[in-house]
Every structure is written in C-alpha cells, then in structure tokens.
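Okay, structure first, notes after.
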Amino acid sequence: MKEQHPPSWAQRFVAWYCKPSLVEDLMGDLHECFERNIQSVGPRRAKLIYIIDALKFFRSYTVRRSIFANLFMNPVMVGSYVKTSGRNILRNKLFSFINILGLAISMSVGLLLIAFLLDLHSYDRFNKNGERIYRITNILRSNGEENGRFASTSVKTGKLIREKVSGIEEVAIMRNNFSGDAKVGDNILPIKGFWAEPSLFKIFTFPMIAGNPETALKDPYSVVLTETAARKLFGHQAALGKTVRIDTLAYQVTGIMKDVPFFSHLRFEALVSLSTAEQVNKGDQLFGAWTNMWSGSVYILPSQHADIASIRRQLNAIAREENAGTTTASIQLELLPLYHIVVGESLHQSEGGPGNTGPHISPTLLWILAGLAIIVILSACFNYTNLSIARAMRRVKEIGLRKAIGAGNNQVRLQFLAEAVMISLIALLLSFLMFLLLRPILVNMAPEMQRMVKLNLTLSMVAAFIGFSVVVGIIAGFMPAVFFSKISPLNAFGNVSSIKIFKHLPIRRVLVVMQYTVTLIFITTTAVGYVQYKNILAFDLGFSTKNILNINMLDNKPDVMMKELSEIPGVTALSRSLITTGVGNAWGSSMKYKDSQDSVLVMTNHIDENYLALHHYQLIAGGNFIAHPATAQAVAEVIVNQQVLKRFNISTNNPEKAIGEQIMLNGHQMTIVGVMQDFHYGKVDNLIGPVAFTFWTPEDRTIISASIKSTDIHTTVARIAAAWKKIDPVHPFTAGFYDQAIADAYSEYSTMIKIIGFLSLLAISIASMGLFGMVVFTTETRLKEIGIRKVMGASIGHLIYLLSRGFLFLLSISAVIALPLTYLFFQNIVLPNFPYHTPVHVTELFAGLLAVLLIAVMMIGSQTWKAARSNPVVVLKGD
C-alpha cells in the first residue's frame, strides 16, 4: 500500500507558528494521531483531522514571538535604525526631498479620504439603538416591470406593520414636507420638519430639554421645536406650553428638544403630531391609501433578538394581501438598515421626500474615490522604490559590512523599513499642512459636500492619520527592503542592479511604466470626462432654456407676482408650471387607453397656456390648450409626446389622427389636444419616456418662468428680486436661471471631474518628481561615459538622445497601454449609462498624452543638457 503522509503545507504551517521549544513535541503528537486516524477513519478523513488540529493549536501559548517584534522591542536596535536612517536621509538630500514631497502630496489625498470616510461613518451613530433601526423602503412595479426603488412608503404601511408584524418593539410613522411660517408676536420664522408620532423618540435618540417625549406628539396641533428654533421664536422666554401660529393654524408647544446632530440623515426644525395631518386630511381618501407611498416614511425597531428573516416574510405577506386589491401597480416592502441610508443604494423619492432630508453617497462612488486615492499613493511609493533601488550601488558596501559583522536578512529588511517609515512620518507633517489647506476646497467644491461633511479633526482621525502614515511607509519600503536583503556579502561589490522580475524585465523600468500608465489614465480620463460633461450641458433637450429665470413661488399666489413681473423692462414672456423639467424632478401619473387593462406610469407636468411657446416646445400635431379650467377636477385636456402614442399604439402612432382620442389619467378622462415632439423630461442619462402635460390650476404649487431679454441681466434680476420682497418680505427670493439649474443637476459629474482632475495633477507631479530623480541619478552615474564620448567627438544632440531615449521609450510603452484602456473604459463602462452620449475622439485621448510628454521632455532635457555640456576634462580628472 502507498505510504500516507500528513499534508505538507499543514506541517510547514505548524513549524512556522509554533515556538521552537514546543514544535518537536507538537509535531510528534500530531503525527501519532494521524497514524491512528488512518487505521480508524481512513487517509482522507485523517488528513482533514490533521489540518483541523493544526489550526486548533494556533493559540497564544504555542505561537512564537515575531522576529520583527523581538528586534523592535530592543531599544538599542531601534536607536540604531533611527540613527542610520537619519544619516541616510541627510546624506541624500535631493532624493530624500523628492520622496518626502511625493509621499506628502499623495498622503494629503489619503488624509482627505480618511477624514471623509470617518465623517460618513459617523452618521446616525449617536442613536443608542442604531444597529437595530430599519427604514421601510418600497419597490414599485407596474405590469411586472420594476419602476423604481423608493425611500418613501405609505402611512398605511406603518399601521399595518404595527398591527400584524410580530417581533417589533416600536414603529414610527412620519409624514414629510411639513413647512410653513411660524409666528410668535412679531417674530416670523420659516420652519421645516415632519409630522411624527411619539414613538419617534423611542426609536431615535433625540434628547428632550423640556416636555414629556411620551406624550409630546400625541394630541393634534402639538409641536416639538428644536432648541435653536425655540430661541429664534421665543427668545430667552420659556416656550413650553405656549402657542405658535404656523400659517393659519395654532399649535401648542409640547416639547423642546436638543438640536438635531449634524451627522443625522433626518434633519428638521420642528415635529408636528401625525394626528394633526390625519385631521387636516380627513376628507382625503388617498391620505391613508396603500399606494400613496410618496410622502411618508416608516422606521421600525425590532426586538432585541428578533428574527429579521421572519419580519421580512411578514412584510411580504402584507404586500401580497394589499396588492391583491390594486390594479395599477404593486408594491414590495423591504428593510433598509439605518447605517445604510447615507452610504447605500440610491433610492428615488418624490420631491421633498425622505431621501432629500439628508445626504447620500453610493458605495460605488466611495470605492472609486478610494481606488483613485490608493493609485496616487502607490505612485509615490513607486518613486521611493525606484530611487531606493537606483541608489543600490551606493549602499551595497553598507549592506555587505552589516552582514559581514553578523546582521541577518531580517535586520537588513527592518533597517530599510524603518527608514521608509521615518520618511513617511516626516511626510505626514507636511501632508497634514496640505490637508488643512485642501480641506475647505473639498468642502466647498459642491453644495452637497457642505451639507454632508465637516472634516473637523478628532482624536480618532489623528490616530488614523498616524496609522495610515506607518502603513504607507511599510508599503513604500517593502520592495527595497526585500531587494537589499538578498545581497550577499561576497557579492556586495558586484552589480546588483541586474535583479529582474516579470520575465527578466528590470524592476525599475516596470515601475516607471506602471506609474506613467496610471498618470496617463488619470489625465486622459479627465480630458474625456470634461468633454462629455460639456456635451451634456450643451445637449439639445428638445426645448429652450436660454435666459429663462425660474422663480419658486413657495406658498405664495402667483397672480400678483406675474403682474409685477410683466411691468419690469426686459421680461418678455411669463408662464406657470408645477415643476422644472430636465433637471431630475419627476411627477408621475397613471395612464390608460380605452378599455385596456394596461396601465402605465407616465411623467407629467401642469402648465399654463404660455409655457409651450416660452420654452419653444415643438408641437407636431394639434395645438395648445383650449379650455382654462380653475380647478383640477375640471381639467379635461392633455398634450402628450410621441412616446405616449408609441406606448399605447394610439391611432397607429399617427400624431394627426391621435388628436381627439380619449385617455384616462389618474382615473380622469382626458382628450388629447396636442402632440409634442419627444424631449428630455428627466436627465440625459435616462431614456426618453412617455410624458403628458395637463393644464395648471391655482390649486397647484407654482414655478414662474420668466424669459429675459436685456443688455443688463443683473439689473433685471435685481428688479425681480425687489418685486418679490414686496409680496413676500419673509421668505428669501428663490430663483435661478434654467441653464444653471441644469448645471446643478449634473453637479455630481462636475465634482467627480474636478476630483479626478485634481488627482491627475497630483499624479503627474509625483511622477515627474520621480522621473526627475531617476534622470539626475542616471546622468550622475554616466558622467564618465559622457566625458569619454565627448572626447571621442559625440555631439550634444547625440548625447541628449542617448540619455533620454530609454525614458522616452518607457513613456511610449505607457501610452500604448493607457490610451486603449481609457478608451475601453469609457466605451464599455461609462458611456453606456448615457444613451445620448457623443463618441470619444482621438484628440481627447492624445491631449493628455501630449501634456505628459511635454513635462517629461522638459524634465529629461534639462538634466541631459546639463550633463552633455559638462567639461570632460573635469569629469575624467575627478575619477
């Protein structure tokens, strides 16, 4: 029979971790057990048992102390490392400066990322039961197709969960979009918040300063104010029990709570009892409907040891039961952990819905930012590796002498790691100053950043900075440490630069190619991304946005403002609408055609008779609205786009024949009076879908669009702002040009381009410094060769070509790798998300390459020109 042996890797594992005094006994015992198990359970199970035992004996009393720990715990040895490292840093000032500056620049990016991640990790952590809190989210389906994932849900959902789901300790139902003007005497304060239940204070940790959290939100017309809001309204007087009038209703202040922490996804100034909303909407049948999922949010606190899978099954049962009674759409309920709200899946919401109450960032974006930061940091580490190995010939004697007097490979490795960590810690001081300079730039880069992070220093942040610096030092010094530790004392005076990796390619060349490949990818990505972003802003949306000022009327009636605007010179046309299209806002309705059971969610807007002309929408059939109804119930006309005809096959997609056809919109019969050419209702990264316009009525909220034609637009806008102050001296003038609103809608892309562009600048700076150091070192080591060649008659041009051709060849290899990768990245990953994108042009790819080559040629040329002009007599005489 074949002789059986324990797994060799398991034996080596035991020998590696076990203390020398125990290894022989332990290995012997394991082998004896293995022999017995072969007889009793067979070879296969015996080997499995051997592996399990080998892992089981990995205990604190069997594991040997690390050689590295032994060496670092020796204060004499540590002092020797520090002294030697300090001498080498001072002896090689230029290379040390390049390494320190390069690491400092790259580490400043790492510090910003660490601070950013720590701030995001801080969200909602103040809640004592944060790990157990979940928000109910909705998945909306129509005709079997998913229409979106929503952060909101219905009020009825919360009540059904409270009645039917077991394993839940508390349920809190909230209603969004509470806002109004709070008045106390002469004090008027625009205030925003939620309708909520008393259970909110049992789920979230919002401490009360005054009032009873158990009853503060129980009775109708009761309000809880934050400390700041109460101070603004009542000054230093006690607010508890007093009355505050919000718009036309009087509310009693039943509680004062501490201000909501900055790192909370819920942000508000006031909480009004949900029973108030129920009384106000008593006659509205949709208020408590299962499908009215647009303005509510529900949070649950499961019991301490609840089965989350069981809760999900019960939620699915509720959804099946309720969906059976609906014909238009189905809703699926899901659980979203509290800590996954800010950093988690992007969810849709109605305007002003729960997704807008706090910041949000997708994990994918975080991974991208982290990956870019790591690439920049590795670029600086490559610099350190390149320059350290390039100086190998000058340090081999030191290494040979250390080994000759008894130093082992581990001690040599630790020496170089200690030197790298020391340089990294010095770089940390400089990078921290850069961090302080870059922090306000990052925070102010976009309005979302200001609402999302603070980047204030904390003790944990400082500890993370120091730990990060040590890790960067170890990464930077790892390859040089391994490289130098392999040098034999006998070959210490030989040519050690012949160590090669990657199929005999010199390591330095490989690192230079990798570094410049990354740099080229950065800069070409910035160039291509910027061109695509500009094309998005200039994209033909299908309607005009030039010199159109959109004014949010808030809760004011638009008639007086329209009259004021019509009298201002420069205002050439006015219109009213419910929302602003083309910037990501959405207002949906359910549409049916004839007797079909097929119901489709279409995007809608409520507009007046001037809207189409002011925005230059193209009507391809029919005309404008004929009737001007005063109430929503009286609206009976609709203007649709071509996609509506295609979706329902109305009149075989013939626009002329579609005029006069009847459709059902949210249960109301409508007559098609016009057909518009397709346009972008949403952003350009979405496909054009069915859209329907109905007539605006005074019941709708209002966006006034003012077309401005003036030689002095600033003065015209100032007059419009003055007109606003006449009709509403309390609320700020909320207006913006349409083109700017579109730019703001794509601000995430512009922010990303700015970040990548900034990282590109850092990457090319670090790579250029590394290349400069390599060129300096190469020219210094070849001065004798240059002198001999000049004596033999070589021209300066020939010498420059000779010295620079190797570097230019490496940059060419980087370009051959980087440009196709960038092109494929955009063509296959980025641009497919934009159905209406423009193709990537060759000029965009080569613009970055030319910039990098120009900087590289300047770096190489300056040093090679200096070396080529050196006096050969002085050079040869000095040797």
### Query
Taking the alpha-carbon centroid of each part, what is the distance from the range 830-844 to the range 1-42 in angstrom?
61
#### Entry: Correct choice for P(r) over Cα pairs in 20 Å bins from 0, in percent that was computed from the model, options [x] 10, 28, 25, 16, 12, 6, 2, 0; [y] 11, 29, 28, 19, 12, 2, 0; [z] 11, 32, 32, 20, 6, 0
[z]
## Note on the structure
Ranked output for segments 211-220, 312-321 by mean other Cβ atoms within 10 Å, highest leading, reads 211-220, 312-321
### Message
Which residues among the range 823-853 fall inside the zone where the amide N is under 16 Å from a point 7 Å beyond the Cα of residue 367, along Cα→Cβ?
### Response
829-830
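How do 607, 308, 475 line up, fewest other C-beta atoms within 10 Å first?
Details: 607 27, 308 13, 475 18.
Result, fewest neighbours first: 308, 475, 607.
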### Mean residue ellipticity (222 nm) of the chain, computed from DSSP H runs ≥ 4 via -39,500 (n - 2.57), nearest 500
-16500 deg cm²/dmol
### Query
Once the piece of chain linking residue 320 and residue 795 is laid out straight, how much longer is it, given 0.36 nm per residue of separation minus the C-alpha distance between them?
162.4 nm
### Task
Only Lys, Arg, Asp and Glu count, each charged at its Cβ (+1, +1, -1, -1), so figure out the dipole size of the range 8-64 about its Cα centre, rounded to 20 debye.
280
### Query
lysines within cross-link reach of residue 93: Cα-Cα under 24 Å, excluding same-chain residues under 8 positions apart?
83, 397, 784, 866
### Query
Given charges of +1 on the Cβ of Lys and Arg and -1 on the Cβ of Asp and Glu, with all other atoms neutral, how large is the dipole of the chain about its Cα centre, in debye to the nearest 20?
4780
### Task
Run the quick spin-label model on residue 285 and residue 653: label points 7 Å from Cα toward the beta carbon, then report their separation in nm to one decimal.
3.8
#### Entry: Label zone at residue 259 (point 7 Å along Cα-to-Cβ), backbone N below 20 Å, the range 234-248
234-240
#### Entry: Dipole of the chain, positive direction: furthest Cα of 283, 239, 49, with charges on the beta-carbon
49
### Inter-site label distance for residue 120 and residue 231 at 7 Å from Cα along Cβ, in nm
3.2
### Task
Provide the FRET efficiency to the nearest 0.05 for the residue 711-residue 249 pair, computing r from the beta carbons and using R0 = 41 Å.
0.30
### Query
Once fully extended, how much extra length lies between residue 305 and residue 618, figured as 0.36 nm per residue of separation less the alpha-carbon to alpha-carbon distance?
106.6 nm
### Task
Measure off 7 Å from each Cα along the Cα-to-Cβ vector at residue 205 and residue 398, then give the distance between these two points in nanometres to one decimal.
5.1
### Task
With unit charges on the beta carbon (Lys/Arg positive, Asp/Glu negative), name the residue among 337, 300, 254 whose Cα is farthest towards the positive pole of the charge dipole of the range 224-362.
254
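For a quick protection proxy, order the peptides 619-625, 838-844 by their average other-Cβ count within 10 Å, most packed first.
Numbers: 619-625: 16.9, 838-844: 13.4.
Ranking, from highest mean packing down: 619-625, 838-844.
Sequence gap at least 6, Cα distance under 8 Å: using those rules, report the relative contact order of the chain to the nearest whole percent.
Working: 1428 pairs, mean separation 116.3, N = 879.
After rounding, I find 13 percent.
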### Task
Using R₀ = 45 Å, calculate the FRET efficiency as 1/(1 + (r/R₀)^6) where r is the Cβ-Cβ separation of residue 739 and residue 866; round to 0.05.
0.30
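Most exposed first by the Cβ proxy, i.e. fewest other Cβ within 10 Å, how do 16, 696, 294, 587 rank?
Ranked by crowding around the Cβ, least crowded first: 16, 587, 294, 696.
Could you rank the peptides 136-142, 665-671, 177-183 by their average count of other C-beta atoms within 10 Å per residue, with the highest value first?
Values: 136-142: 20.1, 665-671: 14.7, 177-183: 18.6.
So the order, starting with the most tightly packed, is 136-142, 177-183, 665-671.
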### Message
Which lysines, if any, have their Cα less than 22 Å from the Cα of residue 183, not counting same-chain residues under 8 positions apart?
### Response
192, 232, 242, 258, 557, 725, 726
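Would you please give the FRET efficiency between residue 31 and residue 128, computed as 1/(1 + (r/R0)^6) with r the Cβ-Cβ distance and R0 = 45 Å, to the nearest 0.05? Walk me through the numbers on the way to the answer.
Details: r = 54 Å, r/R0 = 1.19.
Taking R0 as 45 Å, the efficiency between residue 31 and residue 128 is 0.25.
Could you please rank 265, 305, placing first whichever residue has the fewest other Cβ atoms within 10 Å of its Cβ? Write down the numbers at each step before the final one.
Values: 265 18, 305 6.
Starting with the residue having the fewest Cβ neighbours, the order is 305, 265.
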### Task
Compute the length gained on full extension between residue 45 and residue 828: take 0.36 nm times their separation in residues and subtract their Cα-Cα distance, giving the result in nm to one decimal.
277.0 nm
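Laboratory data are not the source of any read-out in this text; all were calculated from the coordinates shown. Note that the coordinates shown come from a computational prediction; the quantities given were computed from them, not determined experimentally. As a convention, Cβ positions derive from the backbone with ideal geometry for all residues, glycine included, and neighbour counts pool all protein chains shown.
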